[in-house]
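A short write-up of the structure that comes next.
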Ligand code: ADP
């Protein structure tokens, strides 16, 4: 700045001296004045041109560096450029933070919508758009109340009381595939609102299942309990002879047994749900487990025979394919035996006397263990098959109760098999019979070589 003033006055002085000595005018002062005026104009034009260069550079958005200028204007250009760069960096970093923040909200399993004070959508993440059927591009700046037409939401939004959430039908809800969305509004800023949405379909279904389960258990226990209480009352009020007493006591025992079996099955299910996954290191010989199941099945057959006069026993056969000889399975032995026994006892209980039940253990083409129970019983029609493993689901309630069923057997089997990484399959033809089978993965199998020899070497199939 000082250099600039100094130079300006220096040129004025030079101009005054030149004018005074060389301009042949009336007075030497007039010559000095005219030359100074001329120098001042040139100086002004030169300076204005430099100033306009800076101004033009600022006007076009000064993306590139400032024009090359010395002196005051050059320094001013440099400083503006530096400030501008700083400002640009701050903008970029806040843009980046905003993008990171929005990306994080996009990744959230919950839906988020920002609503302006006038009710227009400012921003929405994909989850919220899917929940409510909002098109991210088309519906920005649309009034949210025009898009979410559910009356529950409409009255909630109008109430201005947002201390609770409401549940509405989701955008793609169908009768056979309902979608339930919970949403809540949170006011913030200047009349703005934040809407959070989440899919509560599974939660609601679990709640319905819990309620059904409690109702089913109460019903299952209440029935034998009522019968039992009736017998007790009869025995208290009536004088019964010894035969009648024995008969009543037997009936009471059967109801008590029914309740006991139900409680045992319920405990088994709850234990299965709460216990850790079965070990993959403890191996059990399939032949041994089959032997235990066969003994149990023969016991059940003799019990059935002793309960019914003229009972024609089932033809029960066990088949161990040569490939599955020496097979060992890793897992929980008690659970596996209970799954196998459940399938065998179902086949015996539901197949009329004299029918055939065939149990087999094989290795399938994928190298998995395939355990199957085939019967020549009544069969099950196709519409029941998908629901058979639901708790308390029965095709024929009276037959199930008659044979001491609880409606929990297949639920237990499915649970056990899933815990061991396997799959349960059911095939049935009405009037012809059924095949209940499961597979367990290769990773849980191994073979003990030469069971009857002294060699103890083991060979894994996994
Ligand atoms: P339950 O204790 O009543 O036998 P399960 O869960 O074991 O309960 O079986 C559910 C239902 O599936 C049974 O009530 C019965 O209607 C049907 N079911 C199971 N196994 C057979 C089978 N082998 N043949 C015909 N129906 C069967």
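Values quoted throughout were computed directly from the atomic coordinates according to the rules given, and no laboratory measurement underlies them. Please read all numbers here as calculations on a predicted model, not as lab measurements. Glycine gets a Cβ as well: all are built from the backbone with ideal geometry, and neighbour counts include every protein chain shown.
General remarks:
- Cβ-Cβ FRET estimate between residue 353 and residue 172, R0 fixed at 45 Å, reported to 0.05: 0.30
- Taking Cα atoms only, the orientation of helix 71-107 departs from the longest principal axis of the chain by about 10 degrees.
- Rounded to 10°, Cα long-axis angle of helix 286-307 versus longest principal axis of the chain: 50
- Compactness index (Cα Rg / 2.2 N^0.38 Å), the range 304-379: 1.27
- Based on alpha-carbon atoms, the Kirkwood radius and the radius of gyration of the range 227-318 give Rg/Rh equal to 1.14.
- Note on the range 205-275: Kirkwood radius taken over Cα pairs, Stokes-Einstein applied at 4 °C and 1.567 mPa s, translational D equal to 92 µm² s⁻¹.
- Extending 7 Å from Cα along the Cβ direction at residue 267 and again at residue 365 yields two label points whose distance is 4.5 nm.
- Surface/4 estimate of mean projected area, convex hull on alpha-carbon atoms of the range 166-260, nm²: 11.1
- Label-point separation, residue 85 to residue 60 (7 Å along Cα→Cβ), nm: 1.9
- The base-10 log of I(q)/I(0) for the range 14-138, evaluated at q = 0.15, 0.22 Å⁻¹, reads -0.85, -1.14 [Debye formula, identical scatterers on Cα atoms, solvent excluded].
- Relative to the longest principal axis of the Cα atoms of the chain, helix 409-419 runs at roughly 50 degrees.
- Helix-only mean residue ellipticity at 222 nm for the chain, each DSSP H run of n ≥ 4 adding -39500 (n - 2.57), per residue, nearest 500: -17500 deg cm²/dmol
- Simple spin-label estimate for residue 190 and residue 51 in nanometres, 7 Å along Cα-Cβ: 3.8
- Length gained on full extension, residue 215 to residue 259: 14.3 nm, using 0.36 nm per residue less the C-alpha separation.
- Segment residue 95..residue 296, full-extension length gain: 65.2 nm, with 0.36 nm per residue of separation and the alpha-carbon distance subtracted.
- Full-extension gain in nm, residue 42 to residue 311, via 0.36 nm per residue minus C-alpha separation: 83.8 nm
- Estimated D of the chain in µm² per second, where Rh is the Kirkwood radius over Cα pairs and Stokes-Einstein applies at 37 °C, 0.692 mPa s: 104
- Tail beyond 19 Å, pair distance distribution of the range 108-199 (Cα, percent): 33
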